[in-house]
Each structure stands twice: as structure tokens, then as C-alpha cells.
Amino acid sequence: MSDVMLKIKNLEKSYDIVRALRGVNIEVSKGEIRGLIGENGSGKSTVSYIISGMQKTDSGTMTFMGEIYEPKDAIDAGKKGIAMVVQEMGTISGISVAENIFVGKEDLFTKCGVVKRKKMNKEAARILEALGIRNINPNKLIDAYTFEERKLIEIARAMYESPKLLIIDETTTALSHKGRDVLYRLMDQMAKEGKAVLFISHDLEELMEHCNVLTILRDGEIIDHLTKEKYESNVIKKLMVGREIEGDYYRADHTCTYDEEIVLEMKHVTNDVVFDINFKLHRGEILGFSGLSESGIHDIGRLAFGINKPVYGEVTLPSKGKKVKDSRRSMEAGVGYVSKNRDRESLILEDSIRNNIAINAYDLLKSGIIISPKKEKRYVDEQVNTLRIKCSSSEQYVSTLSGGNKQKVAFGRWIGMDADVLILDCPTRGVDIGVKSAMYQLMTKLKKEGKSILIISEELSEVIGMCDRVLVVRDGQISGEMRRDEAMTEQSIIEYMI
Amino acid sequence: MKTDYKKLISDFIPYIAVVVVIVFFAVVTDGKLLQADNMKNIINKIFSVMLISLGAMFIYAHGAMDLTIGGLLGNCALVGSLIILSTGSVLLALVCIVALGVAIGIINGALAANFKDLSFLPSLCLMFILRGILQYMGNKGTIKIDASYGSYDNVGVKVLVIAIALILTYYLFDYTKLGKYNRAIGGNDIASGQLGINVFKYKVLAYTLTGFAVSIAAFFSMVRSRSISAETGSGLEFDVMVALIFGGMPLSGGSRARFHCAVLGCITATVLSNGMTLWGIKSETISLIKGILFLMLVYLSYKKSKGVLPR
């Protein structure tokens, strides 16, 4: 199998000051299933985005099938024979399955400006059939299907142009065993036909079982290429992290501890996304909500803080004897909320760190109606120091900070307010490892002080590492509960998730 | 630190503009600009625009605009004149003018806050209604009050009123929740809401303050002209808008909305029109020049704020 299909040489890519890729070289042969593994932020997704034409490289060259390969965009890459299934939701809701499969290719079925639906549906059915997917009707709206089925539809879309190279980016986490089998079968078949697959996953077992070669990335650099006979999970893990994994990254203890006192409770909470959600958050507890992004976990956070209101059921703060009505009253009752969507919902980007941190604390900082600039500065500097926010001064604009430091600003407001209950939606999203570990230490400290934390996260290792209890949500309903003292594993959570 | 230079320059442009405009017109008009008579003229002209701008900057800070200003001023003056004509009490007239200004401010604010991104729409509708009332009354004939009331039109009093307004709004804008929250809403209204800011309340308060400022300006306008017609206050909302943008006020609001925008912009805009008139430029040409300058400024302001608008 010396037939090289794709050759990548010296790929470099930077986002502002962050160097995502440094001199990456990869050669993929015909008939190969190549695994790509590395921690979050190691550059796996960046590599796949560049190959599939969704992003441009800063420097370096790519050769595909012996020709210089410089895709203009994803459509161009598709024409040249490279297709990709992305990590996030890649289907368009509100249109049919067939329309999703042929999005951008409607011309194939158009006569005199009219799209021939029947022909399109027939063709879509044929593709799904070829992949062994039987229970999907191409004529139905895509919204009728679950997350997993939609992923399979995306795979069908990618396969339509019979690509020579298929890139699969973290798709299997969304698939059940049945769905995975469809995918594995497809991968094997492609390899047999002399095509190739670039397979990205967090699941080491899966990669070791299905890939011929594994490429390990760390901090944007290729660490090693391993062939199948050299696979050993401990070696690979060590190569990924670059050191022995430290004990204190997450919480050190393995016991489930919290007081009896209930600080936040949901009873039969129902809205258009979630259904009959019941749970109690106790004093000194870290409670995790885990599930796929569309499962409704983010809505639970918004409902708990009072940003969204339940259609049925109620959210209460039993220790305060209050009902959750809106974000203002929740805040006054000592509840804090950090949104998943940091730049859009949480921060005022074009404003100073000072104004961003002090914004919800003016009532503490004023004498009469005048807000004292001195008190304000002291208050802000205190948060900047405790959280070690890297900045030239508190007058620096938040838009110029890195993701991790932005998140610290969003945290700082609530730490300063001494909130008793913190609702954190994806608290470490897009944050580097150093800041992450600082956040985890802070959460552990807050727990010891008797504060309660609600973590909503799609990152399984994080909820397992930090939470006393984990509630798993599937299709808007709680589908399982696990406690820290029982054995919580990623696999057991995934079982509940899908 | 390239960005800091840029910020520094854009911060100073309004100051530079004031100096350039004053020096330029003082020179081309052979000093006529700075003569006592003309200074009095300028102060009278600046008075209304600045007083209202000091209120309206709270609205612009949260990223909206108010189009009712001229119509409201006209109606306040109309009500005041009618009360003076029937009762002769200046105090009662003043009280009613203020009450009307504040009431319309609250209504305008409540409507605008409900329309969120399209806040100028209810403002526009209200403008038509207010102008319609004025035209209806104006068509019956000009309403005049006695010339003796002109004694209330005192430059000293006006300077005092402006001084108080400057001090008050300076503190309100930079050192109280009213100013800080309105700028935060302009910066990111979603985040502001999630942080427990009562977005509706603070938006309405901004309009209320503007309504109050308009009513005070209306009182002085009434005793100065002593006659109310369909055209009273016409176009004033645009004078305020031009002044604020000349002062560097970003249309998207947010942290770059500064107190000095209102103060400096009013001076630049007023001296510019006054200077061109003194220089002997025809009024229609002045309109043309103002339009082109305004377009340039809006363009620059929009370019600058592009990064500020994540939506």
C-alpha cells in the first residue's frame, strides 16, 4: 500500500496569536483508515477543516492523487473527491431529508427552474439504501428524526459524490451501536475499494480497533504515527498528553458529598424543549447535567436561572423560600449564571474588564446613587487578582482577551458577588488546559465553602471528574442518574445519552 | 499596541473638530464669529440642542434614537402658550410643559423598548402624531403670547440651566446605574438582561429624561419666539442626531458612547452652521454641505462600530 493518496507538507495555521498547527506532515495511502487523536485544542479539527476546504492554511502544501490540492471551499473539495462529516449538527432544519442530502446540488433535479421532488426523493432513497439505512423516509422533514438519524443522513450526503477520501470528525459520540456499525461497515468498504478514511475520535478503543495507522497530535504538532502492531493504549495516552496524567486536575476525592439543605429545585418543569424535569441541588453539591447539545441541557440552565420560563412546573430556591421568576430576582437571591455562548450572551466585548466585572455589583459599590470609582476599582482589581486574569490593566477591552481569560471575567462577576448557587453552562468551552485546571480548582474550593454548582457540559470527562451526581438528559428528559461513589464511566453516560 | 493609538486618535477627534471649526470660522469671518452679539446668538442656538442632547445621549448609549424630539418640543410650547393665554400663569405653564414632556417620554420609551431592534419605528409614528397635532392647531392660525414674556428669555438663566444640566448628567452618565446600564445595554443587551439588568426600565428612563430635557428646552423656546406655528421645533431631532454624531457618538451605543460626545458635538455642529451663515454661504448650500459631512460621519461611525455589532 505504498500508493500515496493525500500528502500534507508543513501545514501551518494560526488564529490571532494562537498557533493551532505547527509544521504538520501527514501522508495518507489508498486503502487506509487513518485515525487522528489528540486532546481538545491539539489541532485535529483544524487539520480536517483545512483538508476539507472549510478553512485556509497559512503555509504548507497539500497534494491529492498526485496533483497540487488547494481547495477553495468545501464544495470545491467535494468536486475533487474529499468529503467530510462534521462534529456539530450539519443538517438544515425545516426542509426534507432528500433536500438536505442534495443541498447545493438541486440543479441535478431541476427542469425549467422547477425542482423535481420525486426524482430527488428516489435518488435519496437509493443512497440511504446503499448504506444499509432503512427506516428513514427521504420525503419527511428532517426535524422528524433524532440526532443520530440526522448524523446518518449527513453521512449519506457526504457519500453521494462517492468521495475518494472521507473525513469523519467526532461523529461516533452521537451514534448508538447500530449507527456505529453502519459507519464502520462503510469505512471498511471504502478501504477495500482503495479509497481512504480520515477518522477523528476521542474514543481510543474505537480508533485502535478500526484504524490501520494512528496519528497523534499535541499542541498543533505531530507527535508520532503508529501502525497497528504498535498500538498500546497507555503509550498513546502518554503521547497525547505529553506527561503522566496528574492526579489533581479534577477533584481528587471519589465520594459523593453534600448537605441535606436544598438550594434549588425543579418540579415537573416542562417547556417546548424539555419535559418533566425534576431534580434537587443541595448545598455544597456539584451537580452535572450531561447530554447531547440538542438534548435540552442548555435549556435546563436557562430555566434554572429564570431566563426562560417553564410552560408547566416550577423552579424554586427552597433555602431562600423563593420562586425563580426572572434573572434579576435570581441574581438578587444569590444565584449566578454563566452562559455557554460567552461572546454573545455573557460579555460586553467592546467594553473594559472593569465595566464587565462590576456590571452586576453596582448596588454594592454605590453610596447614595453615585457609584464610587474607588470602590469599583478595588472590587474589580480584587477579582482580577484572585482569578489571575492576564491583562495590562482593568481598562483593557474584553474583546482583546483570550478565550480563557474572557471566561475568567464572566466568572469573576459571580465570585465577587459571592453567589451561593452557580449555574455554569459549558464553563470550559474553548478554554486552554491551564485555565481549565484553575477553573476546576476554583470549583472545588467553592464546593468546600458550601456553595452549590450546577455544571452543564457536553464534555463527559469534565462531569465525571467534577460532579457529585450526574443527570443525563436525552430528548428533553432525564434518562439516568449516576453518583460519584458509584463507578461513573464515559461509556455508562453515553448509554443513557443515546 | 497599535489599537491603543487608534483609540486615542478617535477619542480626540471630537476635540480637534471643535478647535478646528472655531479657529477656521473665526479666521474666515474676520473674528465676527467671536463677537459678543454672535456669541449670544450661538449660546441661544446651542442651548436647546445641548440640553436635549444631554438627555438623548442616554438613548443613543443604548443603541436607539429618538425622532419625537421636535414634535414634542412644539407640542410642549403649544400647551404652554395656551395655558398662558387662558390663565396668565407662567408657573402653571411650566409645570404642564414638564408634565407633558415626561409623559410623552415615558410613552415613547415604553413603546420603543417593546420594539427592541426597531425602536425607531414607534418613535417615528409618535413623531407623525405630534407633528399632526401641531399642524392642525397651526392651520387655525399662529398662536401668539404677549411680548412681555420675552423677559424670561435670559441668557444668564440659560447658562445657569445648562451648567446644572451638565453637572447632573455628567454624574448620571458616568457614575450611576442609569448611564452605566444604558451603555451596557448598547454593548450587549442579551448579556445585560442575563445579568439582572431591567433592560425595559432603564430604556424607559432614558426616554423619560430626554422628554424632561425637551420640556425645559420647550419653555425657553416658547418665551423666546412667543409664537407657535406648525413648524415649531421642526427638524430638531435631526439637529440633535447630527450634534451627537459630530461628537463621536457611535450609532450602536455601548462603551464608546461618552459624555463628551454630547457636549463637543453640539458646539461643533452649531458653530459650523453659524459660521457658514456668517461667511455668507447660502442656506441651501449649507444644507448640502451638512448632508455630505453627516454622511461621512455616519459612514465612519458605522465602520468603527462594525466590530461592536456581533449580531
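The values are calculated or read from the model by the stated rules, or taken from the named source; none is laboratory data. The model shown is predicted, which means the values in this text are computed figures rather than measured ones. As a convention, Cβ positions derive from the backbone with ideal geometry for all residues, glycine included, and neighbour counts pool all protein chains shown.
Let's see how each residue does on (1) more than 18 Å from the chain's Cα centre (by Cα); (2) crowded, with 18+ Cβ neighbours inside 10 Å; (3) in the same structural domain as A:MET266 (by TED's automatic domain parsing); (4) in a helix (DSSP H, G or I):
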position	(1), (2), (3), (4)
A:GLU462	no, yes, yes, yes
A:LEU471	no, yes, yes, no
A:GLY480	yes, no, yes, no
A:GLU486	yes, no, yes, no
- Query: Can you pull out the residues in the stretch A:350-374 that are facing chain B (nearest Cβ under 7 Å), more than 14 Å from B:ALA184 (Cα to Cα) and surrounded by 18 or more Cβ atoms within 10 Å (Cβ to Cβ)?
  - Reply: A:ILE371
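How many residues are over 30 Å from A:SER399 (Cβ atoms) and part of a helix (DSSP H, G or I) when one looks only at the stretch B:234-262? Break it down into steps so the answer makes sense when it comes.
Taking the stretch B:234-262 first, the residues over 30 Å from A:SER399 (Cβ atoms) are B:234-239.
The next check asks that each one be part of a helix (DSSP H, G or I); those that pass are B:236-239.
Looking only at that region, the number is 4.
Looking only at residues in the stretch B:150-179 that are assigned to a helix (DSSP H, G or I) and at the interface with chain A (Cβ under 8 Å from one of its Cβ atoms), which one is nearest to B:ALA64 (Cα to Cα)? Can you show your working first?
Here is the first cut: in the stretch B:150-179, the ones assigned to a helix (DSSP H, G or I) are B:150-152, B:155-175, B:177-179.
Still in the running and at the interface with chain A (Cβ under 8 Å from one of its Cβ atoms): B:171, B:175, B:177.
Working: B:TYR171: 21, B:TYR175: 21, B:LYS177: 18 Å.
Restricting to residues being assigned to a helix (DSSP H, G or I) and at the interface with chain A (Cβ under 8 Å from one of its Cβ atoms), the top hit is B:LYS177.
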- Considering the stretch A:359-403 alone, what residues qualify as being touching a strand residue (DSSP E or B) at 6+ places or on another chain (Cβ under 8 Å), free of Cβ contacts under 8 Å to residues at least 24 places away in the same chain and small (Gly, Ala, Ser)? A:SER372
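Quick check: is even one residue across the stretch B:217-233 part of a loop (DSSP other than H, G, I, E, B), within 19 Å of the chain's Cα centre (by Cα) and crowded, with 24+ Cβ neighbours inside 10 Å?
The answer is yes; a qualifying residue exists.
Listed residues A:ALA419, A:ALA438; which is part of a helix (DSSP H, G or I) and of a type in the set (Gly, Ala, Ser)?
Details: A:ALA419 fails: part of a helix (DSSP H, G or I).
None of the other options fit; the residue is A:ALA438.
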- Query: Do you know which of the residues in the stretch B:114-148 that are at pLDDT below 90 and among the aromatic types (Phe, Trp, Tyr) is surrounded by the fewest Cβ atoms within 10 Å (Cβ to Cβ)?
  - Reply: B:PHE115
- Condition test on B:SER225, is it in contact with a Cys (Cβ under 6 Å, 6 or more places away or on another chain) and either away from every other protein chain (no Cβ under 14 Å) or free of Cβ contacts under 8 Å to residues at least 60 places away in the same chain (or both)? no
- Look through the stretch A:1-45, keep the residues that are at pLDDT 80 or above and among the β-branched types (Val, Ile, Thr), and return whichever of them is farthest from A:HIS202 (Cα to Cα). A:VAL4
- Message: Out of A:GLU154, A:GLU161, I need the residue that is surrounded by 18 or more Cβ atoms within 10 Å (Cβ to Cβ), at pLDDT below 90, in contact with a strand residue (DSSP E or B) (Cβ under 9 Å, 6 or more places away or on another chain) and not aliphatic (A, V, I, L, M). Which one?
- Response: A:GLU154
- Task: Go through the stretch A:380-403 and count every residue that is more than 14 Å from chain B (Cβ to nearest Cβ) and surrounded by 20 or more Cβ atoms within 10 Å (Cβ to Cβ).
- Result: 4
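So which of B:MET57, B:MET39, B:MET50, B:MET65 ends up being under 26 Å from B:VAL161 (Cβ atoms) and free of Cβ contacts under 8 Å to residues at least 40 places away in the same chain?
Details: B:MET57 fails: free of Cβ contacts under 8 Å to residues at least 40 places away in the same chain; B:MET50 fails: free of Cβ contacts under 8 Å to residues at least 40 places away in the same chain; B:MET65 fails: free of Cβ contacts under 8 Å to residues at least 40 places away in the same chain.
Of B:MET57, B:MET39, B:MET50, B:MET65, the one residue that is under 26 Å from B:VAL161 (Cβ atoms) and free of Cβ contacts under 8 Å to residues at least 40 places away in the same chain is B:MET39.
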- Item | In the stretch A:339-349, residue nearest to the other protein chains (Cβ to nearest Cβ) [restricted to those that are out of contact with any Ser or Thr (no Cβ under 6 Å at 6 or more places or on another chain) and buried (at least 23 other Cβ atoms within 10 Å of the Cβ)] | A:ILE348
- Query: Got a number for residues in the stretch B:288-305 being modelled with pLDDT of 85 or more and of a type in the set (Gly, Ala, Ser)?
  - Reply: 1
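From the set of residues in the stretch B:180-208 that are within 22 Å of B:ILE104 (Cβ to Cβ) and of a type in the set (Ser, Thr, Tyr), which is nearest to the other protein chains (Cβ to nearest Cβ)? Don't jump to the end; show me each part of the working.
Step one: filter the stretch B:180-208 for residues within 22 Å of B:ILE104 (Cβ to Cβ), giving B:182, B:185, B:198-208.
From what's left, of a type in the set (Ser, Thr, Tyr): B:202, B:207-208.
Working: B:TYR202: 12, B:TYR207: 19, B:THR208: 16 Å.
Only one residue tops the list, namely B:TYR202.
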- Message: Looking at the stretch A:202-231, I want the residues that are touching a residue at least 12 places away in the same chain (Cβ under 8 Å) and have a partner that is among the acidic types (Asp, Glu) with Cβ atoms under 6 Å, at least 6 apart or on another chain. Which pairs are those?
- Response: A:ASN212/A:GLU32; A:ILE216/A:ASP224
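Any idea which residue in the stretch A:303-338 is nearest to A:SER394 (Cα to Cα), counting only those that are within 12 Å of chain B (Cβ to nearest Cβ) and of a type in the set (Asp, Glu)? Reasoning before the result, please.
Going residue by residue through the stretch A:303-338, those that are within 12 Å of chain B (Cβ to nearest Cβ) are A:305-308, A:325-338.
Next, from what is left, pick out any that are of a type in the set (Asp, Glu): A:326, A:332.
Working: A:ASP326: 30, A:GLU332: 25 Å.
Ranking the candidates gives A:GLU332 first.
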- A:LEU166 fails exactly one of (1) modelled with pLDDT under 85; (2) buried (at least 18 other Cβ atoms within 10 Å of the Cβ), namely (1)
- Task: Report, by residue number, each residue of the stretch A:18-75 that is touching a residue at least 60 places away in the same chain (Cβ under 8 Å), in a strand (DSSP E or B) and among the small types (Gly, Ala, Ser).
- Result: A:ALA20, A:GLY23, A:SER29, A:GLY35
- Note on the structure: The condition from (1) surrounded by fewer than 13 Cβ atoms within 10 Å (Cβ to Cβ); (2) farther than 14 Å from A:ARG157 by Cβ that A:GLY104 misses is numbered (2)
